Amino acid sequence: MLNRSRRRFLAASAAGALIGHARVCRALPAIDGLKPVVEKITGGADLREGRVTVDVPHLSDNGHSVPLKITVTSAMSEREYVRAIHVLSEKNPRPIIAVFHLNPQCGRAEIATRVRLNGAQNLVVIAAMSDGTFWASSAEVIVTETACLDAT
Amino acid sequence: MLARIQVPSEVKRGELITVRLAIQHPMETGFRYDHMGRVIPKNVVNTLTCRYNGVEVFRAEMGSGISANPYLQFYTRAVASGELVFDWADDAGERASERVAITVIG
């Protein structure tokens, strides 16, 4: 009996892990709400998923300062480099968090900063490449206390 | 506006320089109220540029979504000895600048 419940638990946790994985693989879920902002950035060009890695904690106690690291796969050579990185938020009152402008001299397309988040949401990062293509990726963050709630 | 900028003092030619900086700034969002119920005006560091021997290597446009005391980390390739010049400005029109010397060896 005991053994069986253990087996069931293991099966359930394995299924849970699979579901968790599937959630990560979802294709840009937040893009719908951000459509006008995204269109302004891309100018109507296609937005492809990939090349951008958004490194952010899955759970944050507090939205005042959430560490964020963005890495874009690029050679950063004169012929092929990242022109700009746009950081967008799904739920913040101002959806554009920041825009970083890079050039081939950067050597590596990687930025780390800290952001404010108004509640649990998806962060969308769009990389504008020198060849005119746009690549995006999103990350889900669960925020327990939002940055817009004034605790005083 | 005080800032703390960290770059390696010596770096080999062609290698990447890791630039880390933190600026002391409240990054007021404009959504908060003071004790009299008046809106505290938005005041954020909106632009920051980094020039390496006169050439712009990095520029950030920031909004209220960046945390108070903004922190940034980015890279630039070491080409020649010289200096990195950082310039930034906030919504209140206050400007600040900081220079860091870099020695490239090899």
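Only the coordinates and a few stated rules stand behind these numbers; no lab work does. Since we're looking at a predicted model, the values are computed, not measured. Positions of Cβ are backbone-derived with ideal geometry, glycine not excepted, and every protein chain shown enters the neighbour counts.
Over all Cα atoms in chain B, the spread is summed up by Rg and Dmax: 16.2, 61 Å. Note on segment A:41-86: with charges restricted to the Cβ of Lys and Arg (+1) and Asp and Glu (-1), its dipole about the Cα centre is near 100 debye.
Averaged over peptide A:86-93, the number of partner chain Cβ atoms lying within 10 Å of each residue's Cβ comes to 2.
Net charge dipole, segment B:3-105: roughly 220 debye, given to the nearest 20, about the Cα centre with Cβ charges of +1 for Lys and Arg and -1 for Asp and Glu. When the chymotrypsin sites (Phe, Trp or Tyr not before Pro) in segment B:27-95 are filtered for DSSP coil states and for at most 16 other beta-carbon atoms within 10 Å of their beta-carbon, the remaining sites are B:Phe31. Take every Cα pair under 8 Å whose residues are at least 6 apart in sequence, average their separation, divide by the length of segment B:3-105, and the relative contact order is 33 percent. The protein assembly as shown has equivalent-ellipsoid semi-axes of 34, 26, 19 Å, by the square roots of 5 times the alpha carbon gyration tensor eigenvalues, sorted largest first.
Please state the charge dipole magnitude for segment A:28-145, taken about the Cα centre, from unit charges on C-beta atoms (+1 on K and R, -1 on D and E), reported in debye and rounded to the nearest 20.
Details: 12 positive and 13 negative charges, 55 e Å.
Using only the charged Cβ atoms, the result is roughly 260 debye.
A dipole drawn for chain B from +1 and -1 charges on Cβ atoms has a positive end, and of B:Ser67, B:Leu16, B:Met27 the residue lying farthest that way is B:Leu16.
Ranked by Cβ crowding within 10 angstrom, fewest neighbours first, how are B:Met1, A:Met76, B:Met36, A:Met129 ordered? Working shown, then result.
Details: B:Met1 14, A:Met76 21, B:Met36 5, A:Met129 17.
By the 10 Å Cβ count, ascending: B:Met36, B:Met1, A:Met129, A:Met76.
Across 10 Å bins from the origin, how do the percents of Cα pairs in segment A:28-145 run, short distances first? Spelled out per bin, shortest first, that is 14, 48, 30, 7, 0.
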